[in-house]
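So the structure is just underneath, and the comments pick up after that.
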Amino acid sequence: MRGQLQVKLAAIVTSLVVVLGSAQSSLAAPQPAPDAATNAPLGISSTLLGQLRGQAKGDVQVSIKPSTGVASMVRVPAGGDLVPNVRSRNTATKAAGFFSSYAKLFGIADANAELLPIEMVQEQYGGSHITYRQVYHGVPVFGGMLIAHFDASGALTSVNGVVSPASELDVTPRLSAAQAGAAAVRQVLSDPPTDITGQPAKVQPSDLWPSAADLYVYRTGLVRSAPGSNQLTYEVTVTNGGSIRERVYVHANAGKVLNRYTDIESDMHRVLYEEDTDHQVWEEGQAFPGALNQDQQNIINASGNAYYFFLNSFGRDSYDAQGASMRIVNNDPRILCPNANWNGTTTNYCNGVSADDVVAHEWGHAFTEYTHGLVYQWQSGALNEAYSDIWGETVDLINGAGSDTPGGVRANDACSGYSLLLTPVLQILSPSALAGICAAGTASFGPSLTYAGVSGTAVVGLDGASNTGCVALTNAAAVSGKIVLLNDSTACNAVTKVRAAQTAGAKGAIIVSTGETANNLNGTSSVVTIPSIRIALSNGNLIKNAIAQGQTVDVSLRLYTSKTVEASYRWLVGEDATAFGSALRDMWNPSCLGDPSRVSDANYYCGTADSGGVHTNSAVPNHGYALLVDGGSYNGQTVVGLGLVKAAHIYWQAQTAYQTPVTEFADHADALEQSCQDLIGQPLKDLSTAPGGSGISAEVIAASDCEQVAKMAAAIDLRAVPTQCNYQPLLNQNTPALCSDATKIYQPIYEEHFEQGLGGWTQTNSGTYAGWPGYNWSTASTLPKGRAGSAIYARGKDEGNCDTGAGDISGVQMLTSPAITIPSGASPKLAFTHYVANEMQVDGGNVRISINGGAYTLIGNAAFTFNPYNATLITALNENTNPLAGQRAFTGTDGGHPWGSWGQSQIDLTKANVKAGDTIRLRFDFGTDGCGGLDGWYVDDLLVYTCADNVAPVAVDDAYTLDQDTTLTVDAPGVLANDTDANTADTKAATLATDVAHGTVSLQSDGSLVYIPAAGFFGSDSFTYTVTDSKGAVSAAATVTLTVNEAVATATPVTTTPVTTTPVTTTPVTTTPVTTTPVTTTPVTTTPVTTTPVTTTPVTTTPVTTTPVTTTPVTTTPVTTTPVTTTPVTTTPTVTTTPAPGPNSSIYLPLITR
């Protein structure tokens, strides 16, 4: 079963889903370096995709996950079939047929070896699903899971999931499971989970142990929605048996922790813990409520609601589908109250946290763990929280318990008056000239402000002195029942002032600040019973002046929002949990509580706290569910509500049929849309929390409902990338020109592109410990991000041991240039293109220079004019064993991703004290510590240059010869080949100046040309052209002379040899009325024919008319025929220079037969 996998795949792949239309472009992504273990996405074969589209029944849609570069869902509409050619009612056979042909779309090279079927589910609607786990050489792959979906007829309608393409990874671990377990425990001890106060929990080594350590192929970057590399890891579960359950991923060779996340889902916080208690107070079948207190009763009732909701609505018998006991702990000392959580075995609560939606929320985590198993991190963790909110609030809306009235549907942008992020204010109600909102500081003592507020007429409190309230007020009669203004003062504290107002009978107090800052009022008091605030001096003077002029000023001390407020409990989460004071989340309008309503919302959380904002970003899918249920307009989309029954079934179908542990928002959108298609026309069970349920609902999903699902997904940007997180490449991509002065042109002094190897550069290296493997810079021809050609590469892979011993690879690789002399008058500069992807602030590289044989010194940031070093490496004092520790360097990766991007750095060498006439050597250093890493440092296209004055190019005359009635074609560089430019690196472009006189010429900017002379023309022709450089300087015109030779007809001699014919015997021919008399042709000689060499021009013979005449080739020797006697004939051929023989010509004499 899926719930028995016990694998929490920590990932949140924020995927850009691309729905491919019929017109296809290439989807192939760059291939990784041979030893990078798929550092880059593999891409999709457009040929294979076209093959699938050609044979599938229905329009094939494909969603692509950018973190892996392969498909995450392939589907056809209802009634379609991905493999109609596999005619089998056996779904396993059908799936096998698909994977044998198309597994590569998902990054699976060998389906038989890499896909292991682990579960088959038969739906109540007639469809079915087969789930496959990805394995690599027998080791399960982190997050790797594919699900094949079949409709009731057995057609394969979709395949979805997440696969991490794996290759070239050794799956033999160097560390044992016990060693990995110990490393995981050390990590949790060194960085314990935080409690509700945000402080690290107090744990001792004896409190924690590794309960499991399983080998996995783990893909880095998957949890950050980014491409990554595959690493052999142990998944270690570290626990204290109760409130702590951490999943720790330990590198199986280096022992380094690659990732960690909590496996305890909490209602509003991350991990809460203390020692475990398991005292049984009630069991099914015992009297209820018995001696249970109100919170215990609430928990039992709400747990029953949750159980029957899933059983009645979806046929799910408890969270494991096998009737598992729902074990509950109230006031669990392992959590810091007020809070609640699910720890994998029990749900746990505190007094005051027993609201029905909160209890059902925690059971929702249990159902999640045993179905789609969403990882509690980043977007998948936000979906985990959202599904618990969704099921908790659905139970709350249908169980008839708790505060559900008033519960009307709110306006699109309305907040609930029962839960808001409200601001303390002084609202001036009258006179109208003063009416408005004034910012206020609230008090830490006395009653809290409310949205309704305390209203009354404002009066000035008098005390016979400074009117501060430091002494008793003298105008108590005027103050009684009013809201009194008192001046701020350091003579007494705020509590004293407010108590003086309260004693005089005031219903509220306003402290007027001595300045324009309305700070909060601090203090403690158990006797203050009226609200109080502080306002700015200018606002206080406005009110005092109006009162002095005899005006009545009415005010309200209250909490305020500029949003529309309506009285409705609908879609509030935790509104009945008294320990919280107010609702925790607003699913209808998350912005009312400062949460994001869509992915592109400014409130979307981009940080790493709270497991990547699982309790904040859950608001996005929460909003989607509420919008789909009730309908409304948002973000340019108008959604027609489907109601709870339809929406709940669509979400449950997605949870159990399509979503996987690493499903994120874009995948969620796919899953919901496909689930809706699955359920069209299917009977849906009614939603009920009562024993026995309500049977089949009258609700039926139609195709139009699925359109609303798609609109909802668009409204909340489920497929959008959160660009507001603004992750940036390490190297700025907006590369400026090599010469900042637009009038200058760069003139190379030295350049190396490393296409033929190291190009005379010298390798050296130095290690710190015995384990240094002697790595050197080398050339690499397979470059990251699909870059063409070759570059130099310094290795910085994830390897080694930080043990200062035989496995420690701390060291530096150095590559030194040949000597480079700076010419006279030059102002030297350096540029190089590079790619950085290494261990942030631990590994890194920099550039050093030696001038005239001097010591190598670091080129500092001040010399860089573009893309300088991005960080300083951690120092040796802080245990960085990299020889470059503490230096400025290129280190880390692109923002938010474990990979880099190519970019150019530019350096003004004069700021490194280089001047004309100097001889320099450059050295590129790359240092690593003893373990860990990512990829390394690549460098390409290195230029030492100066920016010189631009000089116009010089065009040189050219000449070409061709024959009459032929075409002259000259390839590039053509006429530019002999042209010159003092700026040797400048570009040149040819332009036609004057045209030819006898034909046509086409001259291209690259110097190539095509010349076609006029028909029959021969003689001399010409044209002129100019050359333009990159700065627009133009040469003088050059002339191209074209000589066209006259065509001359020449006869080619042919030598002929005598031909001997074999005598031909013919049978007697009787001809009537022809008399067979000898025929004499002229000229005829009765001597043998002597042949001499002749030219091979066609021979024209004069036709001889005979009846009947049969002509066959003969030689000039006598011919004997029987019974016809012929006289030997000698003839001299006639030679002419006419076209080749036609149908009426022959180079042979005719054989005349009578």
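Here, each number is a calculation from the coordinates, and none is a lab measurement. Every value quoted in this text rests on a predicted model; they were computed, and no experiment measured them. As a convention, Cβ positions derive from the backbone with ideal geometry for all residues, glycine included, and neighbour counts pool all protein chains shown.
Subtracting the Cα-Cα distance of SER827 and ASN726 from their residue separation scaled by 0.36 nm leaves 32.6 nm. The distance from the alpha carbon centre of the stretch 799-835 to that of the stretch 578-608 is 49 Å, rounded to a whole number.
Pairs with C-alpha atoms separated by more than 21 Å, drawn from the list LYS507/LYS563; LYS65/LYS104; LYS94/LYS711, are LYS507/LYS563; LYS94/LYS711.
Exposure proxy shown here: for MET814, MET712, MET840, MET145, the number of other Cβ atoms within 10 Å sets the order, fewest to most, as MET840, MET814, MET145, MET712. With each label modelled as a point 7 angstrom along the Cα→C-beta vector, the HIS137-ARG89 pair spans 4.4 nm. Cα centroid distance between the stretch 362-380 and the stretch 966-999, in Å? About 69 Å separates the Cα centre of the stretch 362-380 from the one of the stretch 966-999.
The length gained on full extension between THR764 and GLU283, counted as 0.36 nm times the residue separation minus their Cα-Cα distance, comes to 165.8 nm. Here the stretch 902-917 is scanned for amide nitrogen atoms under 18 Å from the site 7 Å beyond the Cα of ALA985 along Cα-to-Cβ, giving 903-912, 914-917.
Counting alpha carbon pairs within less than 8 Å and at least 6 residues apart, what relative contact order, in whole percent, applies to the stretch 744-949? Dividing the mean separation by the residue count of the stretch 744-949 yields 36 percent.
In order along the stretch 381-395, the phi-based Karplus estimate (6.51 cos²θ - 1.76 cosθ + 1.60, θ = phi - 60°) of 3J(HN,Hα) comes to x, 5, 5, 4, 5, 4, 4, 5, 4, 4, 6, x, 6, 4, 4 Hz; Gly and Pro are listed as x. As a proxy for reagent exposure, ranking ASP601, ASP317 by other Cβ atoms within 10 Å from fewest up yields ASP317, ASP601. Potential lengthening of the chain between ALA472 and ALA876 amounts to 138.9 nm, from the contour at 0.36 nm per residue minus the alpha-carbon distance. Note on GLN204/GLN322: beta-carbon distance plugged into 1/(1 + (r/R0)^6) with R0 of 35 Å gives a FRET efficiency of 0.40. Only aspartates and glutamates eight or more places from LYS202 in sequence, or on another chain, were considered; those with a Cα closer than 18 Å are ASP191, GLU246, GLU274, GLU275, ASP276, ASP332. Between amide H atoms placed 1.01 Å from N, distances below 5 Å from LEU258 occur with TYR249, VAL250, HIS251, all of them 5 or more places distant or on a separate chain.
Note on the stretch 744-949: along the principal axes its Cα atoms extend 55, 37, 30 Å, ordered by decreasing extent.
Averaging Cα coordinates gives a centre for the stretch 883-922 and one for the stretch 305-338; these two points are 58 Å apart. Cβ-Cβ distance of ALA993 and ASP971, R₀ of 22 Å, FRET efficiency by 1/(1 + (r/R0)^6): the value works out to about 0.55.
Using a cutoff of 8 angstrom between alpha carbon atoms and counting only pairs six or more residues apart, the relative contact order for the stretch 290-390 works out to 25 percent. The calculated FRET efficiency for the pair SER45 and GLU168, based on their C-beta separation and a Förster distance of 25 Å, comes to about 0.80. In a reduced charge model with +1 at each Lys and Arg Cβ and -1 at each Asp and Glu Cβ, the stretch 423-560 shows a dipole moment near 180 debye about its Cα centre. The 3J(HN,Hα) values that the Karplus relation (6.51, -1.76, 1.60; θ = phi - 60°) gives for the stretch 281-292 are, in residue order, 10, 7, 9, 3, x, 7, 4, 10, x, x, 9, 5 Hz. Gly and Pro appear as x. For LYS744, a cut-off of 22 angstrom between C-alpha atoms picks up these lysines, skipping any fewer than 8 places away in its own chain: LYS829, LYS911, LYS915, LYS988, LYS1031. Among GLU707, GLU664, GLU699, sorting on how many other beta-carbon atoms sit within 10 Å of each Cβ, with the fewest leading, yields GLU707, GLU699, GLU664.
The modelled label-to-label distance for the pair SER633/ASN852, using points 7 Å beyond Cα in the direction of Cβ, is 7.8 nm. Computed from point charges on the beta carbon alone (+1 for Lys and Arg, -1 for Asp and Glu), the dipole magnitude for the stretch 622-771 about its Cα centre is near 240 Debye. For the stretch 677-684, 3J(HN,Hα) computed residue by residue from phi via the Karplus equation (6.51, -1.76, 1.60; θ = phi - 60°) reads 4, 4, 9, 4, x, 7, x, 10 Hz, glycine and proline entered as x. Take the alpha carbon gyration tensor of the stretch 884-1021, find the square roots of its eigenvalues, order them as a ≥ b ≥ c, and report rounded if a/c is under 1.5; if not, report prolate when a/b exceeds b/c, else oblate. Prolate shape, in that a/c is at least 1.5 and a/b is the bigger ratio. Amide H contacts for ILE749 (H built 1.01 Å from N in the peptide plane; partners 5 or more residues away or on another chain; cut-off under 5 Å): VAL944, TYR945, THR946.
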